[in-house]
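In what follows, a structure is listed as structure tokens, so that the remarks can point back to it.
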Amino acid sequence: MSKANILHQDTVALDEQTGALIIIDQTLLPGTVKLLSLTELAEIREAIYLLRVRGAPAIGVAAAIGLYVVMLHSAAKDEAAFREAFAAAKATLAAARPTAVNLCWALERMEKAIKRGGTPNELLARLHDEALRIRDEDVRVCRAIGENGLTLLKDGDGVLTHCNAGQLATVRYGTALAPIHVGVEKGYHFKLFTDETRPLLQGARLSAYELMADGVDTTVICDNMASQVMKNGWVQAVLVGCDRVAANGDTANKIGTSGVAVLAKHYGVPFYVCAPFSTIDLRVKTGGDIPIEERPGEEVTEMWYQKPMAPQGVKVYNPAFDVTEHELITAFITERGVLYPPFEPGFRKAFGSSEGEEPV
Ligand code: MRU
């Protein structure tokens, strides 16, 4: 596939002909654009765990389509066998990554879709429809986040982002990069600074790649350069995504996000979290209750280097996410508008209930 076409390809898709989950293998970007066609539970779980597909919304959609695909190819002959296989596949996928709430959110929606009894074929049809509903909603929600976020930006603004919360982290548009992509469509010109995002380099490899594919003026900086870039006055807004937002607004996102928020506060730069309601988890009261994924030390010491860059056997601490306290967040940009503090009443009003179910 041509690199310029990356934005024309949905990050997560269902191939109806072969009954396969289609993803772009993001571990190979930016050098190689390769689509993977997956039907086996083990390979779908592996793709999520190894970040071949990553970003909270994309993980949710991949899990939903993946669960449908696994059941499509299952040998279950009756309803009991179907439900048993479904429960096992759901549990395997749910355990793949713990922090992004979209994963469990999407799997729970799939389970609800087959609450009512039926033959395996009837249950399969409902799983198919629900998976595609989740996919289509993701596209609509991200577009709306893009439109809402754009109201906070001016033509020519410098924008700093961390990790990749772009199209590659959703089906289309992205969350944090949606205002940029929508803005480009409308003739805006932004100057994007993308933190490289150690250790897996989602900023350098993925955000830079997708922004350049959209013709955006893009500069990669090492994570420790954000302060300098803000001090220079080059950044008018920070836009980041999120993996789970607690009821009080505390937000888990890629490791390093909270440091950017502290810097933004120091330099008086607005710090916006772009958040689909599927990422807001009202069941979790504060950031302290969000499970933080820890990943293998080799990601820090060896991956992306030609030879190990730390002494063999050194201890490594490699949390994949951190929590930004709500006091550091200027506003949440959601599909239902821009929410300012105090966040919890705004979230609850939008959900229309006191429970973290579906948005109204
Ligand atoms: O470990 P990753 O690459 O899945 O982490 C992704 C992020 O932290 C994103 O910012 C977040 O999932 C939001 S994606 C719209």
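Only the coordinates and a few stated rules stand behind these numbers; no lab work does. Quantities reported herein were computed from a predicted structural model and do not represent experimental measurements. Backbone-built Cβ (ideal geometry, glycine too); neighbour counts: all protein chains shown.
Here are some notes:
- About the Cα centre, charge dipole magnitude for segment 48-139 (Lys/Arg +1, Asp/Glu -1 at Cβ), debye: 220 debye
- Under 25 Å between alpha carbons - lysine pairs in segment 146-351 that sit 8 or more apart or on different chains: 15
- Cα-Cα P(r), the chain, percent of pairs per 20 Å interval: 31, 58, 10, 0
- Estimated FRET transfer efficiency (residue 217, residue 338; beta-carbon r; R0 25 Å; 0.05): 0.50
- For the chain, the Cβ-based charge dipole about the Cα centre amounts to some 260 debye (Lys, Arg positive; Asp, Glu negative; other atoms uncharged).
- P(r) tail fraction, segment 275-360 - alpha-carbon pairs more than 19 Å apart, %: 54 percent
- Ranking 20, 218, 274 by Cα position along the charge dipole of the chain, where only Lys, Arg, Asp and Glu carry charges on their C-beta atoms, puts 218 farthest toward the positive end.
- Normalised by the number of residues in the chain, the mean separation of alpha-carbon contacts (under 8 Å, six or more apart) gives a relative contact order of 15 percent.
- Taking the average, over residues, of other Cβ atoms within 10 Å as the packing measure, peptides 155-167, 132-144 rank 155-167, 132-144 from highest down.
- Sorted from longest to shortest, the spans of the Cα atoms of segment 1-148 along the three principal axes equal 46, 33, 31 Å.
- Mean ellipticity per residue at 222 nm, deg cm²/dmol - from DSSP H runs of n ≥ 4 across the chain, formula -39500 (n - 2.57): -11000 deg cm²/dmol
- Normalising the average separation of contacting C-alpha pairs (under 8 angstrom, six or more residues apart) by the number of residues puts the relative contact order of segment 3-142 at 22 percent.
- Per-selection metrics, segment 211-337 (Cα): Rg and Dmax in Å: 16.5, 49
- Beta bridges per DSSP with both ends in the chain, % antiparallel, nearest 5: 50 percent
- Computed P(r) (all Cα pairs; segment 172-276; 5 Å bins; percent): 2, 12, 23, 26, 22, 12, 3, 0
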